[in-house]
Amino acid sequence: PAPEDEAGIRVDVDAPAALPCTGDAGRITQVLENLLANAFRYAPEGSRIRLRVEAPESRPAEVPADVWAEFIRAQALAAGREAPRAGAAGAFRVIGIASAGMAWFVFLFLLAGIVTFLFAFVLGDQGRYRQHLAALAHANLVAALGAVLVTPLRIAQRDPQLTLSVGTFLEGLLEPGFLLAWFRLMDLFALWSWVVLGILLSRIDTRRSAVSATGILAGVFLVIFMGIAWLQARSMS
């Protein structure tokens, strides 16, 4: 059961068994103490305070080797297994990078199939799977450029999952929840790639305008993002 103080304020802690991080331990402790102190000070009687700690899905290539090794070690110990040797963590990191690259190629081929099904079979546009795959590959160069440009910010903030999204500019203006989670999924470089893909699709079938193709893509992805944001908001409630 969650502990309660004299005012009946309940504290729920949602955190994994092992979550290694790098930084000044004293400063991190001070931040947490100040955060909880303010929460207790302003929380009404009988309310609930929830402290949630989670690790974003890190990109293996952007995680420092020492952090990756400590993460692997902590995960093994938390699962009751023997901690891997020092050299094994590096091997796991290489495997993670290779897996991430393979996953990107698999996702690209699957997405090309979805785009072909939507535009060629559902909407009746001209175009073959190979043409749509080539268009997607070119459009994803925008996302790759975005990753390169944002990398210095990720290093400075020590946050491998840092992105520039619509939600980035709405932090503090919107309460945490569905709407803010939805806007966070709207990566600026992804929006740019949708425009590029819409233009390329209009070149594959000249009957389809770039505005129409981009609008269809945006509508499909925004609906998908709504579902993801709803699941995220529900997990936070």
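The values are calculated or read from the model by the stated rules, or taken from the named source; none is laboratory data. Just so you know, these numbers come straight off a predicted model, no measurement behind them. As a convention, Cβ positions derive from the backbone with ideal geometry for all residues, glycine included, and neighbour counts pool all protein chains shown.
A compact table of results
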quantity: Of the criteria (1) touching a His at 6+ places or on another chain (Cβ under 7 Å); (2) modelled with pLDDT under 90, which one Val115 fails; calculated: (2)
quantity: Residues of the stretch 161-185 satisfying the condition of being surrounded by fewer than 19 Cβ atoms within 10 Å (Cβ to Cβ), in a loop (DSSP other than H, G, I, E, B) and not acidic (Asp, Glu); calculated: Gln161, Leu162, Leu164, Gly172, Leu173, Pro176, Gly177
quantity: Test set (1) modelled with pLDDT of 90 or more; (2) under 23 Å from Phe119 (Cβ atoms) - Val142 fails condition number; calculated: (1)
quantity: Residue ID - modelled with the lowest pLDDT, chosen from residues in the stretch 1-46 that are of a type in the set (D, E, K, R) and in a helix (DSSP H, G or I); calculated: Arg27
